[in-house]
Amino acid sequence: MSASSSTAVTFAPNERVLCYHGPLIYEAKVLKVENFTEANTITGTLGPHCFVHYKGWKQTWDEWVPHSRLLKHNETNIELQKSLQKNNAHASASGGSSSRGPKAGPREGAGGARGGTRKDGTRGTKRARDEDDSNRKPELKLNLPEILKVVLVDDWEAVTKNQQVRDSCLVGSSENSSSHD
């Protein structure tokens with residue numbers, strides 16, 4: 001699972017990499033590189049770390065990862081990524097875990113209870129909404145003449161769909177102010 005071998009692998013900012021996140025590997029980009037010591041560690045682990053952005057995912061998924069979770073972006077590692085995705089898809093289909101979308105993302109297996117799953121692997125149940133009268137908006141029935149309804153609909157369409165406002169509706173327009181003199 002690690003990219004570390006007898007020789008230390010280094011990564012540079014803006015480098016495309018592959019990053020382990022849970023059981024899968026995702027394409028990522030190195031944003032920062034830093035060597036964590038006891039004085040400045042963010043993750044609780046020491047050594048070289050990279051701040052990565054997962055391609056196609058929001059910045060909220062960006063994270064500091066140790067070099068042991070990173071792989072160089074090359075054909076061999078891309079094949080490894082594909083085989084892990086295929087194996088994980090087979091495990092999910094055979095009843096290993098609840099079905100997920102085609103791209104479940106970096107959240108899988110990360111940080112214990114992240115991503116809506118509990119530590120024991122089960123998902124929580126959806127809470128029902130309270131159907132009491134305090135949350136409901138009061139209904140208002142208003143009787144409008146049919147001609148006024150037509151004008152209101154026309155005005156609504158002009159404003160929302162055509163982004164137009166009639167001169168007769170503008171406050172202080174020349175036509176409106178001259179008729180009140």
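Any read-out appearing in this document is the output of simple, stated calculations on the displayed coordinates, not a laboratory observation. Just so it is clear, the structure is predicted and the values come from calculations on it, not from any experiment.
Multiply the residue separation of Asn162 and Lys86 by 0.36 nm, subtract the distance between their alpha-carbon atoms, and state the gained length in nm to one decimal.
Full extension of this stretch gives 22.4 nm more.
Multiply the residue gap between Ile147 and Leu31 by 0.36 nm, knock off their C-alpha separation, and tell me the result in nm, one decimal place. Please report the intermediate quantities before stating the final value.
On the way: separation 116, 0.36 × 116 = 41.76 nm, distance 6.18 nm.
Between Ile147 and Leu31, full extension yields 35.6 nm more.
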